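The values are calculated or read from the model by the stated rules, or taken from the named source; none is laboratory data. Not measured: the values here are computed from a predicted model. Because the Cβ atoms are built from the backbone with ideal geometry, glycine has one as well, and the counts that use them run over all protein chains shown. Quick note on the areas: whole protein, heavy atoms, side chains included, nothing else; ligands and nucleic acids left out. Shrake-Rupley method; radii C 1.70, N 1.55, O 1.52, S 1.80 Å.
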Amino acid sequence: MKRKYIFVVGGVMSGIGKGITTSSLLKILKSKGYSATAMNIDPYVNVDAGTMNPVEHGEVFVTDDGAECDQDIGNYERFSGDSITKDNYLTTGKVYQTVINKERNLEYKGKCVEVVPHIPNEVISRIKKAGQVTDSEFVLIEIGGTIGEYQNLLFLEAARMMHLKNPKDVLIVLVSYLPVPKTIGEMKTKPTQSASRALNEAGLQPDIIVGRSSMPIDEPRKKKISTFCNIDPKDVISAPDSQSIYHIPLILDSEKIGERILKKLNAPLRKGKNGLRDWENFVKKSENNTKEVKIAIVGKYFETGEFVLTDSYISVIEAIKHACCKLGYKEKISWLSSEKYEKDKKNVKELSNYDGVIVPGGFGNRGVEGKINAISYCREMKIPFLGLCLGMQLAVIEHARNNCGLKKASSTEVDENCKYPVISLMQSQKSNLKNKKYGGTMRLGAYSCALRTDTISRKAYKNKNISERHRHRFEVNNEYKDILEKGGMVIAGTNPELDLVEIIEIKKHPFFVGVQFHPEFKSRPLTGHPLFVEFIKAAGN
Ligand code: GLN
């Protein structure tokens with residue numbers, strides 16, 4: 001079979017679930033026995049997502065090969081179970097950077113380099129590469145932004161050019177919104193009709209319309225969309241709001257979207273596949289779990305309202321959910337601002353109302369002292385604690401100050417001239433910061449970690465050697481290793497190549513683990529991540 005390409009574009013407005021639709025299609029195609037991969041094209045001029053503020057753009061997701069991506073890549077990984085690579089993430093900035101570099105290298109052999117066709121051609125070659133590298137029968141391409149805006153036009157142009165050349169191998173899925181205005185009380189199709197027309201103006205015709213709405217789309221409206229958008233009513237797929245994102249593959253599958261796609265692309269139905277049975281069991285299980293486990297996430301900005309929490313920490317939230325589902329719990333997640341623990345240390349007492357506490361990753365010095373106070377409380381009161389990246393670094397500082405007598409311990413990120421820099425800038429990072437080389441220069445992607453026997457981590461992973469993903473510039477300062485260990489800290493995991501501390505634990509505590517990496521990026525719905533599972537187990541006890 002020739003490789004097939006499915007473009008997923010958004011209509012009417014953003015934030016209606018284009019990423020989850022793409023992830024679900026990936027899951028559905030795989031469940032029907034096909035190999036498939038998904039890529040994301042972001043309209044931003046940023047070369048990657050690493051320089052984007054998560055408050056504005058959501059979580060920066062990191063792949064094994066160290067790409068800093070849009071959070072949707074995380075959903076592709078969670079839904080498909082595959083590890084996505086840097087070839088599957090593209091931005092306007094990356095495309096232009098590549099074209100300009102090629103021009104400088106005379107790769108266009110003296111030709112005038114123009115926006116059209118050179119930019120769409122570069123996009124097309126990247127799309128094809130993603131298919132080749134992963135050797136996939138299907139490549140799903142999610143185009144960021146919404147139809148009708150200026151910024152993604154060149155990506156639509158790439159889709160048009162690919163479709164023109166191989167109409168039988170390219171499909172367009174429009175994910176559109178159908179509002180149900182309160183004052184009218186009925187679902188309106190006109191905005192979707194307009195979106196479909198705007199797509200026509202770009203030279204494209206939707207093959208399938210996924211209609212997102214607060215309720216299912218009824219037959220009369222399916223017919224209306226069919227008439228005005230020029231498609232078969234069977235190709236209007238109803239995607240009402242659902243309790244959880246994990247329902248969406250099941251909803252879309254029940255609307256037969258997979259069969260429609262395969263038929264249109266002339267791909268035969270493959271028999272004897274397990275389908276979505278495992279997924280269905282997982283969804284059912286997560287719905288039926290009622291025993292609550294209360295997890296507090298302590299961070300900065302949480303009170304200001306400027307922070308879109310669910311987007312900025314989506315992988316942490318999903319990892320908690322996966323672990324809870326596996327263990328038969330229902331998660332109750334609370335966001336607690338560390339700044340109030342800074343103003344008055346006594347406020348940390350509220351943490352005794354929770355079964356477990358997570359201090360996630362972060363940058364800069366705001367709210368840091370409050371987080372350290374929270375960590376102290378968890379250690380003393382034996383509340384299960386998981387520190388992720390910055391959370392681990394702060395746990396080391398807390399331990400140095402309160403168990404090792406280094407009262408003035410800190411990180412050079414927080415206080416450059418601190419007396420005891422137990423956390424300091426990695427040697428390899430010094431020139432990056434000095435020369436203002438910020439983009440894509442952190443310690444990024446998967447690194448190996450050797451685990452020490454008789455530790456919580458070793459028990460959790462059931463493995464001696466693991467590999468986890470990183471995104472940081474600072475690390476535990478090895479000069480303080482002995483003092484920290486003498487004070488009762490266990491170095492449970494180390495990177496063998498560079499001798500970097502990767503995991504710390506505190507003895508005589510039900511669960512006190514800090515990791516320099518981001519285990520949340522590798523958590524998968526059906527299995528959960530070993531560390532999160534062990535953490536939730538301790539929290540549920
Ligand atoms: N700011 C810290 C560092 O750069 C931690 C980063 C993180 O939490 N991802 O090392």
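Determine whether C389 is away from the ligand (no atom under 11 Å from the Cβ), under 26 Å from S523 (Cα atoms), touching a strand residue (DSSP E or B) at 6+ places or on another chain (Cβ under 8 Å) and among the hydrophobic types (A, V, I, L, M, F, W, C). No: the conditions fail for C389. Residues in segment 357-378: is at least one of a type in the set (S, T, Y) and more than 15 Å from E342 (Cβ to Cβ)? Scanning segment 357-378, I find no residue that is of a type in the set (S, T, Y) and more than 15 Å from E342 (Cβ to Cβ), so the answer is no. The residue that is most open to solvent (accessible area, probe 1.4 Å), among those in segment 392-402 that are of a type outside the set (D, E, K, R) and more than 14 Å from the ligand (Cβ to nearest atom), is N402. Those helices (runs of 4 or more DSSP H) of segment 55-159 in which at least 3 residues are open to solvent by 50 Å² or more (accessible area, probe 1.4 Å), considering only elements entirely within it, cover 92-104, 115-134. Counting the residues of segment 367-386 that are free of Cβ contacts under 8 Å to residues at least 24 places away in the same chain and within 16 Å of the ligand (Cβ to nearest atom) gives 1. As for segment 41-54, it holds at least one residue that is in contact with a Ser or Thr (Cβ under 6 Å, 6 or more places away or on another chain) and among the charged types (D, E, K, R).
Evaluating E413 against the criteria (1) closer than 22 Å to V357 by Cβ; (2) open to solvent by 30 Å² or more (accessible area, probe 1.4 Å); (3) within 16 Å of the ligand (Cβ to nearest atom); (4) without any contact (Cβ under 8 Å) to a residue 24 or more places away in the chain leaves one unmet condition, (4). Filtering segment 14-37 to residues that are modelled with pLDDT of 95 or more, more than 19 Å from K264 (Cα to Cα) and either among the acidic types (D, E) or open to solvent by less than 20 Å² (accessible area, probe 1.4 Å) (or both) leaves G19, S23.
Please verify whether segment 461-473 includes one or more residues that are in contact with an Asp or Glu (Cβ under 6 Å, 6 or more places away or on another chain), under 30 Å from Y76 (Cβ atoms) and either of a type in the set (D, E) or not in a loop (DSSP other than H, G, I, E, B) (or both).
Just the residues of segment 461-473 that are in contact with an Asp or Glu (Cβ under 6 Å, 6 or more places away or on another chain), to begin with: none.
No.
In the set (1) touching a residue at least 40 places away in the same chain (Cβ under 8 Å); (2) surrounded by 14 or more Cβ atoms within 10 Å (Cβ to Cβ), R270 fails one condition alone, (2).
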